[in-house]
1. Every residue in segment A:1-48 that is within 17 Å of A:ASP68 (Cα to Cα), without any contact (Cβ under 8 Å) to a residue 60 or more places away in the chain and of a type in the set (S, T, N, Q), please.
2. Would you point out which residue out of A:VAL185, A:VAL210, A:VAL240, A:VAL201 is at pLDDT 95 or above and under 23 Å from B:VAL126 (Cα atoms)?
3. Let me spell it out: the conditions are (1) at the interface with another protein chain (Cβ under 7 Å from one of its Cβ atoms); (2) under 21 Å from B:PHE300 (Cα atoms), and B:VAL210 meets all of them except one. Which number is the exception?
4. Could you please find all residues in segment A:211-245 being free of Cβ contacts under 8 Å to residues at least 40 places away in the same chain and over 14 Å from B:ILE196 (Cβ atoms)?
5. Restricting to segment A:285-296, count the residues that are more than 7 Å from chain B (Cβ to nearest Cβ) and assigned to a loop (DSSP other than H, G, I, E, B).
6. Test of understanding: among A:THR154, A:THR129, A:THR176, A:THR164, which residue is within 30 Å of B:SER256 (Cβ to Cβ) and of a type in the set (S, T, N, Q)?
7. Checking B:VAL110 against (1) part of a helix (DSSP H, G or I); (2) modelled with pLDDT under 95, only one condition comes out false. Which one?
8. How many of the residues making up segment A:101-124 are closer than 19 Å to A:MET173 by Cβ, crowded, with 24+ Cβ neighbours inside 10 Å and either not basic (Lys, Arg) or not assigned by TED's automatic domain parsing to the domain that holds A:SER172 (or both)?
Protein chains: 2
Amino acid sequence: MSDPLFSRVALIGIGLIGSSLARVMAREKLASEVIISTRSESTLARAEELGLGDRYYLDAAQAVKGADLVILCVPVGACGAVAKHIGPHLAEGAIVTDVGSVKASVIEAVAPHIPPHAHLIAGHPVAGTEYSGPDAGFASLFENRRCILTPDETCDAAALGKLTEFWQGCGSMVETMDASHHDLVLAVVSHLPHIIAYNIVGTADDLETVTKSEVIKYSASGFRDFTRLAASDPTMWRDVCLHNKDAILEMLSRFSEDLSALQRAIRWGDGEALFSLFTRTRGIRQQLIDAGQESPAPNFGRQNEAGEPAQ
Amino acid sequence: MSDPLFSRVALIGIGLIGSSLARVMAREKLASEVIISTRSESTLARAEELGLGDRYYLDAAQAVKGADLVILCVPVGACGAVAKHIGPHLAEGAIVTDVGSVKASVIEAVAPHIPPHAHLIAGHPVAGTEYSGPDAGFASLFENRRCILTPDETCDAAALGKLTEFWQGCGSMVETMDASHHDLVLAVVSHLPHIIAYNIVGTADDLETVTKSEVIKYSASGFRDFTRLAASDPTMWRDVCLHNKDAILEMLSRFSEDLSALQRAIRWGDGEALFSLFTRTRGIRQQLIDAGQESPAPNFGRQNEAGEPAQ
């Protein structure tokens, strides 16, 4: 039997992503030892109850000692402070990576604290659910999902190869990309959808003419789809908005422009413009399904209240 | 064994809703005879292949003869013309209803063509999937879903009772509501979400800086949720936009106002405002789940590519 890929992996943060990593590392034997750190006492205790790691520390600086892989699994806004705290304790040759949905600002905040004897390679597993915390993780979260790494031109090739192998071991398809291009892509495929979902759920919640119980009762007609993204972790999404501001504002401005045109078509009864847009968008879902990125089952394959599939 | 509720039911239109009605009527024995009509020869042939009814007509006027229940299952923009065509052929005491997502404009278009010896009671089963056509229907579509009837003050109580019993027989919970209030409620829970979904998918499709293959590859990070609603029937949704214009424009304007405030919070780095909205919206999904209107399974319980649940 071959040795695990890493001898000691430190997970800083043990929410949905961190705890999923702990589970898949155990299943795939990717690390001889998994060290878990979070600054919340209750979360750390829960991680220990769940048996997610081998050792547990409130202090991230303790956790990273001797680790050959350190993964920051905290909201992007916290990465800089964590890096500053752990930087002086990083082992020779340690790889430091993260899992945040924004890359340029994380690199900017983290890089100054990484000593020359360690390797920073920022990363982003494009996977998740609307749930958070150590109980929400599961070992198959990364399967058939992309993991984007954003190494800079000085990146150590051996370190990049090893980190790539790690994510492949988690079931992911690894791609590399320029950090700023990552932030633009994610602004459209992830950040804009979340912001729009949060916004529409807020708008519905604020109405005086339609009661909240009506919104809930009739939500199967469309609204409920948006509530999933709008149930995502508030701290994570606040930080994404604050740290990918430029790309998000650019996407919001395009979205609003398009919405104004659509609104105008509705006001002036331009049926052709509406039909043309509504036909074009239909094709895109089929492409997602063909690419294996979406289920073809009606209604996402939701189970009904009796636990039976809708169809 | 008791007699079926209706002796002859005519379905005008045999798409997702019409064909689901045909299937549940057969399963629950709600009609002695089911007559199917659609103006598309190929759709009518397909309905016959599927064995959805007892008799099949291209001409709706033929189909409604002798029917004690006529259900218009066509896009809302087509209801007026169909009513004009079938009006002179309606039987004494026939109940005429529809399934459209807009009520006031349908009543306005249909009512003048219904003779005094028949009963018009507009209706809307709040249920559906993103698929359309006679193959897309299934008998359990209406189960545990609301069906809203919008009778006016002159409505015959016996006819309303019988139609209520019919929808309950299909598995629905029946509610009555004023037509204009219906249109306002649906504008927020259904029409606005569909329009926003169509819009965001269009925005992503138009980008030059992010390729379409990137949008597809990374869609699991949020975008794909919107593609389901944006894959809905274009004719149906064009008609909804054209026939519930005022309520939709009102909701769009509130949505845009809220989005401008959110955009401003992002631009000025107002983390507190973002965190507060993102926390409030999270609670709403839990209420949907508690009310049995949504699945608590992560990611809607989507199956992954291997056909296994994500968790």
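1. Result: A:SER32, A:SER37.
2. A:VAL201
3. Of everything listed in (1) at the interface with another protein chain (Cβ under 7 Å from one of its Cβ atoms); (2) under 21 Å from B:PHE300 (Cα atoms), B:VAL210 misses just condition (2).
4. A:THR211, A:LYS212, A:SER213, A:GLU214, A:VAL215, A:ILE216, A:LYS217, A:TYR218, A:SER219, A:ALA220, A:PRO234, A:LYS245
5. 1
6. Just a single option satisfies the conditions, and that option is A:THR129.
7. Result: B:VAL110 passes all but (2).
8. So the answer is 4.
The values are calculated or read from the model by the stated rules, or taken from the named source; none is laboratory data. Every value quoted in this text rests on a predicted model; they were computed, and no experiment measured them. Backbone-built Cβ (ideal geometry, glycine too); neighbour counts: all protein chains shown.
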